[in-house]
Amino acid sequence: MSSLSQKLASLFLIDSTGDFTENLRLLEQYQPAGLLLFAKDLAGLSEKAVKERLAIYRQARPGLLLAIDQEGGLVSRLSTLYPNRSYPSQAELLKKGADFFLAENQKTALELKDLGINLNFAPVADLALDPASFIYSRTLQAGAEETGPAIAAFIKLYRQLGVASCAKHFPGYGDAGDTHQAPAKDLRSLKEAQLI
C-alpha cells in the first residue's frame, strides 16, 4: 500500500537534480509521476550511458514519464548529447515548408524515443507578435492561421510515434513578459488580444 507521500508524489513530475544516484533515490522513495531531464543529465555521457540510466529510472518507477524540453533553437537539450546534430528552431523549420517541418520533428521524436524519453515539453504554441518579446524566437513566428495547423500536426506526429508532447504556453503569454523573471500582466484589450 502506498504511503500518503507516495500518493502525493505520484501527482508530480519533478526536476532532475542532475545527480543520477540522487534521482534514483527520489524515484524509489517517492515514486513521482515523472522526471524532467536537462542538459546536465546528458553532459559528458555517451548515448549508450544515457539509455542505460533512463532504463534504470524506469525500472525504479514503472510507468515513469521521462520528460525533456527539446524545442530546437534556443532550447535544445539534445545538443549536449549530439553536438554534431543541428536542431534549428521550429520557426526555421516551418519556413522551409510543412513537409520539412514534420520530417525534422519526426527525426527528433524518434531520437527521444530511442533514448527512452517519452514526453517532450514542446512545441511552443505561443503567439508572440513582438520580436523583442523573450519568447518570440521560440515560437513559430507566425500568425494563428499558420501556427494552429502546424502545432496540431506536430502533436499528431508525436502521438503516432508514441511520444507524448506538451504544447506550451498560453497564446500571447510571451508578449506579456517573462514569468521566469517576475509576475507578468497582459494589459491589452480583448480587441487587441484577438488580433493575435
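The values are calculated or read from the model by the stated rules, or taken from the named source; none is laboratory data. If you're wondering where the values come from, they're calculated on a predicted model, not measured in any experiment. Note that we place each Cβ from the backbone using ideal geometry, even for glycine, and neighbour counts take in every protein chain shown. These area figures cover heavy atoms from the full protein model, side chains too; ligands, DNA and RNA do not enter into them. Shrake-Rupley method; radii C 1.70, N 1.55, O 1.52, S 1.80 Å.
Structural remarks
- Residues that are assigned to a helix (DSSP H, G or I) and either small (Gly, Ala, Ser) or modelled with pLDDT of 95 or more (or both) within region 157-194 comprise Leu157, Tyr158, Arg159, Gln160, Leu161, Gly174, Ala176, Ala193, listed in sequence order.
- Selection status of Glu52, free of Cβ contacts under 8 Å to residues at least 12 places away in the same chain and of a type in the set (Asp, Glu): yes
- Residue match in region 23-32 (condition: in contact (Cβ under 8 Å) with a residue 12 or more places away in the chain, closer than 19 Å to Phe121 by Cβ, out of contact with any Phe, Trp or Tyr (no Cβ under 8 Å at 6 or more places or on another chain) and not aliphatic (A, V, I, L, M)): no
- Residues in region 1-41 that are part of a loop (DSSP other than H, G, I, E, B), out of contact with any Lys or Arg (no Cβ under 8 Å at 6 or more places or on another chain) and more than 16 Å from Pro62 (Cβ to Cβ): Met1, Ser3, Leu11, Phe12, Thr17, Asp19.
- Count of residues meeting criterion [among the hydrophobic types (A, V, I, L, M, F, W, C), out of contact with any Leu (no Cβ under 9 Å at 6 or more places or on another chain) and within 16 Å of Asp99 (Cβ to Cβ)] in region 141-171: 1
- Filter pass, Leu37 being open to solvent by less than 60 Å² (accessible area, probe 1.4 Å), without any contact (Cβ under 8 Å) to a residue 60 or more places away in the chain and under 16 Å from the mean Cα position of the chain (by Cα): no
- Long-range neighbours under 7 Å by Cβ, at least six apart or interchain, first residue of a type outside the set (Val, Ile, Thr) within region 125-143, second open to solvent by 60 Å² or more (accessible area, probe 1.4 Å) and assigned to a loop (DSSP other than H, G, I, E, B): Ala125/Pro171; Asp126/Pro171; Leu127/Pro171; Tyr136/Asp130; Ser137/Leu74; Arg138/Leu74
- Taking the criterion of being closer than 30 Å to Asn84 by Cβ and either acidic (Asp, Glu) or open to solvent by less than 30 Å² (accessible area, probe 1.4 Å) (or both), the residues of region 1-21 that qualify are Asp15, Ser16, Asp19.
- Residue ranges of helices (runs of 4 or more DSSP H) in region 42-148 with at least 2 members over 22 Å from Arg159 (Cβ atoms) and open to solvent by 10 Å² or more (accessible area, probe 1.4 Å): 47-60, 78-81, 90-95
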